[in-house]
1. Enter the Cα centre distance for the pair region 201-224 and region 104-165, rounded to the nearest angstrom.
2. Starting at 0 and stepping by 5 Å, how many percent of the alpha carbon pairs of region 67-224 end up in each bin?
3. Starting from the Kirkwood radius over alpha-carbon pairs of region 69-109, derive D by Stokes-Einstein at 37 °C in a medium of 0.692 mPa s and give it in µm² s⁻¹.
4. Just rank Tyr160, Tyr92, Tyr134, Tyr173, fewest to most, by other beta-carbon atoms within 10 angstrom.
5. From the square roots a ≥ b ≥ c of the eigenvalues of the alpha-carbon gyration tensor of region 94-179, which class results: rounded (a/c under 1.5), prolate (a/b over b/c), or oblate?
6. Taking amide H positions as placed 1.01 Å from N in the peptide plane, with prolines and chain starts having none, which residues 5 or more places from Cys193, or on another chain, fall under 5 Å of its amide H?
7. Going by amide H atoms built from the backbone, whose H comes under 5 Å of the H on Cys223, apart from near neighbours?
8. State the extension gain, in nm to one decimal, for the chain segment bounded by Val73 and Ala200, taking 0.36 nm per residue of separation less the distance between their alpha-carbons.
Amino acid sequence: MYDHDVRGVATAILGAAGVVVLSGCLELGGSWGSTSATSTSATSTSTSTGTTGSSSTGGSGSTGEGTSTSGQVGDVCYGEEDCFKDNVDDLYCKFRDGACGQGGPGVCRIPNDGCVDPPAGEEEPVCGCNGEVYLHDCVADELAVSLDSRGTCAPPDGYYRCGWRMCKLGAEYCVVLQGDVEIYGCRAYPPTCAEPPTCACVADERCGDACETSREGELVLRCP
């Protein structure tokens, strides 16, 4: 998870653009709190107790020149073995690079302690480093899974890839906030956009001058 100050900056920037910001759990997010002990994946194969893949891994990690000094919350890590575990707080290595640790180290953090499933039709699917798709990034965090933006997950029906996020086909365009770590969001097309959408219909949107078309025919706006 991003540190609160970094996440706050991302929230302010993308929020100003109208992007649905997943503020409760991860870099971006919705408001599906953390009170329920039961959560399912977007493919109906994941629960708060596991998935069809490995549900307790943040990724394979990478080999760094050093490891965390104590394995406490906020310490740098290169794999699960670098983060302290006991009967109270089982930390995991949260990779923020979208490459499951292949692009740099992660940070030791406590998984979310429970997520509430979003209402039907309001899911915000994300791709985990274990190849599983989750209803929401909060669910992935609860299961100690980092997010993968490399295109390893097959999107659920009606969605397309937007980094580690999945946007609704024909209804949302992808927004990429560029930086040392890219952040992804989905935003509804303006009413003036026809099918298929063109960059002209989002020209007045924030970062509309940096528009491109995805291979699915959807629009991607890249904000520097």
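1. Each part reduced to its Cα centre gives a spacing of 23 Å.
2. 2, 10, 16, 18, 17, 14, 10, 7, 4, 2, 1, 0
3. Rounded, D is 331 µm²/s.
4. Details: Tyr160 21, Tyr92 25, Tyr134 32, Tyr173 28.
The fewest-first ordering by Cβ neighbours comes to Tyr160, Tyr92, Tyr173, Tyr134.
5. Taking the square roots of the gyration eigenvalues as a ≥ b ≥ c, region 94-179 is oblate.
6. none
7. Result for Cys223 returns Val176, Leu177, Gln178.
8. On the way: separation 127, 0.36 × 127 = 45.72 nm, distance 4.57 nm.
Taking Val73 through Ala200 to full extension adds about 41.2 nm, to one decimal.
Each value in this text was obtained by applying a stated rule to the coordinates, not by laboratory testing. Given the structure is predicted, the values throughout are model-derived calculations rather than measurements. Note that we place each Cβ from the backbone using ideal geometry, even for glycine, and neighbour counts take in every protein chain shown.
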